Every structure is written in C-alpha cells, then in structure tokens.
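One structure below.
The values are calculated or read from the model by the stated rules, or taken from the named source; none is laboratory data. No experiment lies behind these values; they were computed from the predicted model shown. A quick note on method: Cβ atoms are made from the backbone with ideal geometry, for glycine too, and the neighbour counts reach across all protein chains shown.
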Amino acid sequence: MADYKLIYLARRNPALREDEFPEAWREHSRLSSQFATTFGSHFSSVHQCVKAYEIEAPPAFRNEYDGCALIGMKGWDDLVAARSHPRAQNELKKDEERVFADYVDPWTMAAEERVLRQGPACDHMMLSFLKPLEQTSEASFDRGLDLLAAALLECPAAGRSALTINHVVDPSEVYGFGAVIEVWFEDAQALSTAAQDPDFSRVLAAQDIADREASVMLLARLNLKKTIDESPEGLAGWQEQ
C-alpha cells in the first residue's frame, strides 16, 4: 500500500524576522490542531522543517526559502479530503497571511513516499526539490530517480542517514517539482559536514534529469513534529514532540 504525503516549500512573511518565523509557524500548526478530530484525522504525521539559518550554507544551498512541511497522510482519499476541508482551510488561510509570504496551497504538492533507508530519529535534514528538465520524459525522470536512489545509498557523505525519495504525483501550481529528496542527519555538525561535500551536492542535484536553476536544495532542522493519537473511542488527537 502506498504512503502519501503533502509537501510544501515555504517562504516566511517578510514582516517576520528569521528568528521570529519558527515560533510563528509552530503557532500556526497549533491552530490546525484545533481541528484534530476532523481535518487532522486525515493525517498520520507532521514534520515542520525550518531553514537552518545558523549553518553557513554553501552556494548550492543558498536561496530565498525558509522551510518545508512534510505531512504524512493515512491514504490517498484522506489526502484529497484534507485539501478540501472547508472550515479548517478557511481558518488556516487567515493565519497563513500572518506567517507566510503567500497562501500555502499553491505551494503544496502530493507525493508518493519511497523509503530507501530507515534511520534513527534525527532533527536535521537536507532536502532537494527536483524540477524535471523540460526535455525529460516521465519515464526518463523515473529511471533517473532509480539511479539517484542507488547513488544516495552508496554515497559516503550520507553515512547511515535515513533516505527517502518522494515522487510527486500531483504537482504544485507554483513550482512544478517532480520529486523531493529527504536526507536526515543527527545534528547540525553532521549536516554541515555533508553539505560541504561537493560530490554529495552533485548527486542530490541530479542534473542529468533536473533543471539546476528551477530546483532547490535546502539545509533545515526540525521545528515541530506531531503524530496522530487515536483514543479508545476512535477520535483523533495530536501529540506534539
């Protein structure tokens, strides 16, 4: 059975400083928890990943983005239902104006998760958002992702990190990414060391199938994590970690 995610690459409201954005985003997520038994019942997990501003990022990782949401879904029908939940979406959209540079729905993509390697719970990650080259067919892009998977598993800089390729099945209106790569690291030092490895950056960029200028690589840390908590009555609640 396939595991699906909603993913969005976010920019903060310019009125918020870099140091203010993480807490503003956590507040936004806590607002969504008010709908845990309705809107939230469609989700299995939430990971807010905020840009690791404290790390001196190499040029390949410098960009205008401030974070990424990785939202696990219970299934495809739940994904569709969550995106069309009227009351929650209206309430959350009002708060999005405070937190983000724009509404998140146009940034949001649906993806099918492919876990390459499980790993321990970590709080730093390297993310690669790949936009297919214009001349690359869907079949060629898929074959390229298979080659990328093999290269990531063999790359020394990845160590024993958890690795996931999220294959986009419903692109966002804005970005047109075809895949999102997750590489998780134990701490900021491990992430920074891996980011300094040019060979690893080249693997993540996948330039044989991805448009270098339109793709995005991000160094991030976990800002908030939530998992679903089912009561004996079957009602869903959120547990923040």
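Among the listed residues Glu64, Glu54, identify the single one that is over 16 Å from the mean Cα position of the chain (by Cα), assigned to a loop (DSSP other than H, G, I, E, B), of a type outside the set (Val, Ile, Thr) and over 25 Å from Ser33 (Cα atoms). Just one listed residue meets the conditions, Glu54.
Here are some residues: Ala179, Ala158. Which one is surrounded by 22 or more Cβ atoms within 10 Å (Cβ to Cβ) and at pLDDT below 95?
Working: Ala179 fails: at pLDDT below 95.
The unique qualifying residue is Ala158.
Filtering region 206-227 to residues that are surrounded by 18 or more Cβ atoms within 10 Å (Cβ to Cβ) and modelled with pLDDT under 95 leaves Leu224, Lys226.
Test Arg87 against the criterion of being at pLDDT below 95 and either touching a strand residue (DSSP E or B) at 6+ places or on another chain (Cβ under 7 Å) or not aliphatic (A, V, I, L, M) (or both), and give yes or no. For Arg87, the condition - at pLDDT below 95 and either touching a strand residue (DSSP E or B) at 6+ places or on another chain (Cβ under 7 Å) or not aliphatic (A, V, I, L, M) (or both) - is met.
Condition test on Asp95, is it surrounded by fewer than 19 Cβ atoms within 10 Å (Cβ to Cβ), modelled with pLDDT of 90 or more and out of contact with any strand residue (DSSP E or B) (no Cβ under 8 Å at 6 or more places or on another chain)? Walk me through it before giving the result.
On the way: surrounded by fewer than 19 Cβ atoms within 10 Å (Cβ to Cβ): yes; modelled with pLDDT of 90 or more: yes; out of contact with any strand residue (DSSP E or B) (no Cβ under 8 Å at 6 or more places or on another chain): yes.
So Asp95 fits the description; yes.
State the number of residues belonging to region 182-193 that are of a type outside the set (Phe, Trp, Tyr) and buried (at least 20 other Cβ atoms within 10 Å of the Cβ). Residues that pass the stated criteria total 3. Can Val104 be described as over 25 Å from Arg30 (Cβ atoms) and of a type in the set (Val, Ile, Thr)? No; evaluated as a whole, the condition is false for this residue.
All conditions in (1) crowded, with 18+ Cβ neighbours inside 10 Å; (2) touching an Asp or Glu at 6+ places or on another chain (Cβ under 8 Å); (3) farther than 22 Å from Arg221 by Cα hold for Phe141, with the sole exception of (2).
Against the list (1) touching a Ser or Thr at 6+ places or on another chain (Cβ under 7 Å); (2) over 26 Å from Arg202 (Cα atoms); (3) assigned to a helix (DSSP H, G or I); (4) not aromatic (Phe, Trp, Tyr), the condition Glu91 fails is (1). Kindly evaluate Ala236 against the criterion of being surrounded by 14 or more Cβ atoms within 10 Å (Cβ to Cβ) and modelled with pLDDT of 95 or more. For Ala236, the condition - surrounded by 14 or more Cβ atoms within 10 Å (Cβ to Cβ) and modelled with pLDDT of 95 or more - is not met. Only residues that are more than 22 Å from Ala52 (Cα to Cα), surrounded by 13 or more Cβ atoms within 10 Å (Cβ to Cβ) and at pLDDT below 95 were counted across region 118-138, and they come to 1.
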